[in-house]
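All of the numbers you see were taken from the coordinates with simple rules; none came from a lab. Note that this is a predicted model, so its numbers are computed, not measured. For neighbour counting, all protein chains shown are included, and Cβ atoms are generated from backbone atoms with ideal geometry for every residue, glycine included.
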């Protein structure tokens, strides 16, 4: 396999490259060294993209919304949108949640949460924005999950 071998310019003999067999360790090392398609070095380029698994808010959002199917997840665009969801098959109403990421910092100002309710009767559906209390509750749950993830990561690094 050429992808696992490298050429020695002096002897033109192909040698095998040592590769970490544990994918999680290899990915973590790669991220920590600044690798990855979305990972740019600070101060270079026009933005500061991080690999999605390194973003605590992104992972916390996925964890918080794991009960709803995800319709669209665009990390580089900073938007996570769920599909329409109802906790009952017989229900005439369903909800949709959108999380907009403004920053990777663990701060309430780093994300916006929007939520919508769709009500259908006799094949006629109407959609309305939900009260801000519902969106605020989802945002608070995301931030709490992000804090928990961050605390766990910091305690792992100390070990």
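Here is how the numbers come out for the structure above:
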{"read-out": "Förster-model FRET efficiency, 30 Å R0, residue 74 and residue 124, C-beta, rounded to 0.05", "value": "0.45"}
{"read-out": "Sequence of 66, 112 once ranked by neighbouring C-beta atoms within 10 Å, starting from the fewest", "value": "66, 112"}
{"read-out": "Rg [Å, one decimal], Dmax [Å, integer] - the range 54-158, C-alpha atoms", "value": "15.3, 59"}
{"read-out": "Simple spin-label estimate for residue 151 and residue 93 in nanometres, 7 Å along Cα-Cβ", "value": "3.4 nm"}
{"read-out": "Residues 86, 109, sorted so that the one with the fewest Cβ neighbours within 10 Å comes first", "value": "109, 86"}
{"read-out": "Ranked list, fewest to most other Cβ atoms within 10 Å of each Cβ, for 56, 99", "value": "56, 99"}
{"read-out": "Extension gain (nm, one decimal) between residue 107 and residue 136, 0.36 nm per residue minus Cα-Cα", "value": "9.1 nm"}
